[in-house]
Structure formats: C-alpha cells, structure tokens
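See below for the structure under consideration.
None of the figures in this text is laboratory data; all of them are computed from the coordinates on show. Since we're looking at a predicted model, the values are computed, not measured.
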Amino acid sequence: MANDVKKDITFEERQLIEKYLNEGLSIHKIGRLINRSISTVCVEIRKNCEEDGSYISEKAHEKKYKRMQNRNNVPTVYLLNKKLEMMNEHLNIILETLQKIQEKI
C-alpha cells in the first residue's frame with residue numbers, strides 16, 4: 001500500500017496534510033491520499049503540530065529542519081537551500097493561482 005521507502009515528507013505533502021485535516025479527513029484516509037503509512041502521518045502530525053493542536057504546514061516544515069539542524073549539525077547552506085526550495089514552491093503556487101485568475105478575466 002503506502003511506500004515508506006520515501007525520504008522525508010515534502011512541503012507539498014505537508015500542505016496536503018494540513019488541507020485534509022482542516023477538511024476533517026481521518027489519518028487513515030490522509031495516508032492513503034498522500035501514499036504514506038498511517039504511522040508516518042501520525043508521527044508527522046505529533047512532532048510538528050502547534051501547542052494548540054493545530055497543524056500548519058509552513059511551521060511544520062520549519063520545525064523539521066530546525067530539528068535536523070540541532071540533531072545532525074546540518075550546515076546552514078543546506079537549511080538555506082531548503083528554505084529557498086520552500087519559497088520556490090510558494091511562488092509556484094502563487095503563479096498558478098494568478099494564471100487561473102487571469103484565465104477567468
């Protein structure tokens with residue numbers, strides 16, 4: 001079923017987790033939709049949720065890399081590259097949204 005050989009959860013997967021949680025989907029259903037095990041989704045939410053129990057994909061992504069930096073002494077360049085990657089993904093989403101709006105005009 002789910003492929004846990006994958007690397008870390010991507011920012012896009014975190015966005016989907018946030019979206020599906022906000023829609024009220026179960027952990028099991030979310031795991032199936034993003035092709036991850038229930039355990040992987042549960043661990044992701046548990047480790048990266050906010051104090052109030054909410055899950056915000058941007059903050060979850062930042063928490064993950066902060067933990068990596070603390071645990072593995074990840075070089076700052078690596079973290080900057082990840083931050084740039086996340087910003088690039090955000091820009092792509094914004095561009096796609098703008099294109100859709102332009103098409104409707």
Residue by residue through the range 41-55, which ³J(HN,Hα) values in whole Hz follow from phi under the Karplus form 6.51 cos²θ - 1.76 cosθ + 1.60 (θ = phi - 60°), with glycine and proline marked x?
5, 4, 4, 4, 5, 4, 6, 10, 6, 7, 4, 7, x, 6, 10
Of the labelled options (1) -0.81, -0.86, -0.91, -1.02; (2) -0.55, -0.63, -0.72, -0.97; (3) -0.58, -0.68, -0.78, -1.08, which one gives log10 I(q)/I(0) by the Debye sum over Cα atoms at q = 0.13, 0.14, 0.15, 0.18 Å⁻¹ as computed for this structure?
(2)
Tabulate in residue order the Karplus-calculated ³J(HN,Hα) for the range 95-105, using 6.51 cos²θ - 1.76 cosθ + 1.60 with θ = phi - 60°, rounded to whole Hz; enter x for Gly and Pro.
4, 4, 5, 5, 5, 5, 5, 4, 5, 7, 7
